1. Listing Trp104, Trp151 from the residue with the fewest other Cβ atoms within 10 Å to the one with the most, what is the order?
2. So what's the chain giving for Rg/Rh, alpha carbon basis, Kirkwood Rh from the mean inverse pair distance?
3. Using per-residue counts of other Cβ atoms within 10 Å, averaged over each peptide, order 40-52, 80-92 from highest down.
4. Do the sum for the chain: with -39,500 (n - 2.57) for every DSSP H run of n ≥ 4, divided by all residues, what is the mean residue ellipticity at 222 nm, to the nearest 500 deg cm²/dmol?
5. In whole Å and largest first, what semi-axes does the C-alpha gyration tensor of segment 1-95 yield when each eigenvalue is scaled by 5 and square-rooted?
6. Once you place label points 7 Å from the Cα toward the Cβ at Thr211 and Gln190, how far apart are they in nm?
7. Tabulate in residue order the Karplus-calculated ³J(HN,Hα) for segment 51-64, using 6.51 cos²θ - 1.76 cosθ + 1.60 with θ = phi - 60°, rounded to whole Hz; enter x for Gly and Pro.
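Each reported figure results from applying straightforward, stated rules to the coordinates on display, with no laboratory input. The structure presented is a predicted model; accordingly, all values stated were derived computationally and were not measured. Glycine also receives a Cβ, built like all others from the backbone with ideal geometry; neighbour counts cover every protein chain displayed.
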Amino acid sequence: MINHIDQNDFAESALARSNIYGLLAIIYREEPSKDLIKEIKSAQFENALSNLGVHFGEGFARQPEEKLLETLAIEFARLFIGPGQHISPHESVHLEGGKDGALWGDATVKVQQFIESTGLSHKCEYRGLPDHISVELEFMQIVSKEAAQRWKKNDYYGSENCLKIEQKFLKEHLSKWVPFFCNKVIKKTQLTIYRETAIFTKNFIKFACSTPMFVPPA
């Protein structure tokens with residue numbers, strides 16, 4: 001169902017979602033870099049995260065950079081890479097109902113076909129499988145940004161089409177497995193940053209699924 005929304009808010013909302021998708025993609029792609037840590041520790045970024053309900057705790061801000069980087073790298077590997085039991089960040093492994101699947105499953109192919117079918121340029125920073133969470137989030141970052149850019153160019157129907165792509169990908173892919181993935185991270189992680197990020201990711205996907213459609217201005 002298509003609803004009216006404030007025309008002035010649409011581009012800003014789409015761009016805000018794009019920025020959040022992009023940040024989450026970076027966090028799940030690899031262990032945080034020095035640049036990302038500095039950005040997260042900045043007062044401006046901390047305030048932005050706080051407004052989104054994300055709090056990494058005082059210990060995160062006070063910990064020396066080198067020690068923090070080492071701690072995060074170890075935890076990232078333990079959670080998402082291994083050796084040993086880890087939480088696969090791939091859609092094909094988190095089938096409906098939370099059951100374990102396999103890498104390069106049907107979901108992997110469907111994600112790849114979906115992305116290619118949109119015709120949107122997608123140069124992913126992650127070089128692994130196309131259903132890695134960072135790839136899916138980067139794709140959403142591009143779609144949302146494209147929606148904002150087309151709106152600013154008065155290409156309202158093109159913008160609406162981008163929003164439909166975002167909603168379709170959310171409902172057919174992200175919403176079907178990311179909540180299970182996040183629940184596993186919340187349960188297993190020993191660090192506040194990954195627990196808070198997983199909680200936020202889960203809530204953000206739910207919020208994004210409820211983003212209203214719109215009637216383009218006449």
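1. Numbers: Trp104 13, Trp151 24.
Ordered by Cβ neighbours within 10 Å, fewest first: Trp104, Trp151.
2. Working: Rg = 17.7 Å, Rh = 18.2 Å.
Rg divided by Rh gives 0.97.
3. Most protected by this proxy first, the peptides run 80-92, 40-52.
4. Working: 10 runs with 140 residues, N = 218.
Taking each H run of at least 4 residues, the total per residue is -20500 deg cm²/dmol.
5. Details: eigenvalues 175, 93, 20 Å².
In descending order, the three semi-axes are 30, 22, 10 Å.
6. For Thr211 paired with Gln190, the spin-label model returns 3.7 nm.
7. Karplus values, whole Hz, x for Gly and Pro: 5, 8, x, 9, 9, 8, x, 5, x, 5, 5, 7, 5, x.
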